[in-house]
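The values are calculated or read from the model by the stated rules, or taken from the named source; none is laboratory data. Bear in mind that the values here come from a model prediction, so they are computed numbers and not experimental data. Neighbour counts run over all protein chains shown; Cβ positions are idealised from the backbone, glycine included. Accessible surface areas use protein heavy atoms only, side chains included; no ligands, DNA or RNA. Shrake-Rupley method; radii C 1.70, N 1.55, O 1.52, S 1.80 Å.
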Amino acid sequence: MKKKKTTFEQALKELEEIVDNLNNDDLDLEEAISAYEKGMVLKKICEKRLKEAELRIDNIKNEKIEIDE
(Lines give C-alpha, C1' and ligand atoms only; values in the text may rest on other atoms or scores of the structure.)
Protein backbone atom coordinates (compact mmCIF):
# COMPACT_ATOMS: atom_id res chain seq x y z
CA MET A 1 0.00 0.00 0.00
CA LYS A 2 1.41 3.40 -1.01
CA LYS A 3 1.81 5.99 1.75
CA LYS A 4 -0.10 9.22 1.19
CA LYS A 5 2.15 12.18 0.36
CA THR A 6 2.30 14.81 3.10
CA THR A 7 1.00 18.12 1.80
CA PHE A 8 2.73 21.44 2.33
CA GLU A 9 -0.12 22.58 4.55
CA GLN A 10 0.01 19.45 6.72
CA ALA A 11 3.78 19.71 7.17
CA LEU A 12 3.64 23.44 7.94
CA LYS A 13 0.86 23.00 10.51
CA GLU A 14 2.77 20.24 12.30
CA LEU A 15 5.98 22.27 12.13
CA GLU A 16 4.22 25.27 13.69
CA GLU A 17 2.93 23.04 16.52
CA ILE A 18 6.46 21.78 17.17
CA VAL A 19 7.83 25.32 17.26
CA ASP A 20 5.10 26.33 19.74
CA ASN A 21 5.93 23.36 21.97
CA LEU A 22 9.64 24.16 21.86
CA ASN A 23 9.01 27.83 22.64
CA ASN A 24 6.73 27.01 25.59
CA ASP A 25 9.39 24.93 27.34
CA ASP A 26 6.84 22.12 27.74
CA LEU A 27 9.32 19.44 26.68
CA ASP A 28 12.16 17.76 28.51
CA LEU A 29 15.54 17.57 26.76
CA GLU A 30 14.95 14.25 24.97
CA GLU A 31 11.49 15.30 23.81
CA ALA A 32 12.89 18.62 22.60
CA ILE A 33 15.63 16.89 20.61
CA SER A 34 13.11 14.50 19.06
CA ALA A 35 10.78 17.39 18.24
CA TYR A 36 13.66 19.33 16.68
CA GLU A 37 14.59 16.32 14.57
CA LYS A 38 10.98 15.90 13.39
CA GLY A 39 10.83 19.63 12.70
CA MET A 40 13.86 19.42 10.43
CA VAL A 41 12.19 16.62 8.44
CA LEU A 42 9.02 18.71 8.13
CA LYS A 43 11.08 21.74 7.05
CA LYS A 44 12.59 19.69 4.24
CA ILE A 45 9.13 18.50 3.19
CA CYS A 46 7.92 22.12 3.06
CA GLU A 47 10.94 23.15 1.01
CA LYS A 48 10.41 20.26 -1.40
CA ARG A 49 6.70 21.03 -1.86
CA LEU A 50 7.48 24.72 -2.47
CA LYS A 51 10.12 23.80 -5.05
CA GLU A 52 7.64 21.48 -6.78
CA ALA A 53 5.07 24.29 -6.88
CA GLU A 54 7.65 26.72 -8.23
CA LEU A 55 8.57 24.29 -11.02
CA ARG A 56 4.90 23.81 -11.91
CA ILE A 57 4.37 27.57 -12.08
CA ASP A 58 7.49 27.97 -14.24
CA ASN A 59 6.18 25.28 -16.58
CA ILE A 60 2.82 27.00 -16.83
CA LYS A 61 4.45 30.36 -17.54
CA ASN A 62 6.66 28.82 -20.23
CA GLU A 63 3.86 26.97 -22.04
CA LYS A 64 2.80 28.38 -25.35
CA ILE A 65 -0.85 29.07 -24.89
CA GLU A 66 -2.87 29.56 -28.03
CA ILE A 67 -6.02 31.60 -27.82
CA ASP A 68 -8.66 31.33 -30.53
CA GLU A 69 -10.10 34.75 -31.16
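Side notes on the structure shown:
- Taking the protein heavy atoms of the chain in the context of the full set of protein chains, the accessible area attributed to carbon and sulfur is 53 percent at 1.4 Å.
- Listed residues 18, 45, 33, most fluctuating in the chain (Gaussian network, C-alpha, under 10 Å): 33
- Whole-number percent relative contact order across the chain, with pairs defined as alpha carbons under 8 Å at least 6 apart: 41
- Among the GluC sites (Glu not before Pro) within segment 1-38, not one is in coil by DSSP while having at most 13 neighbouring Cβ atoms inside 10 Å.
- Cubic angstrom per residue, convex hull over Cα atoms of the chain: 132
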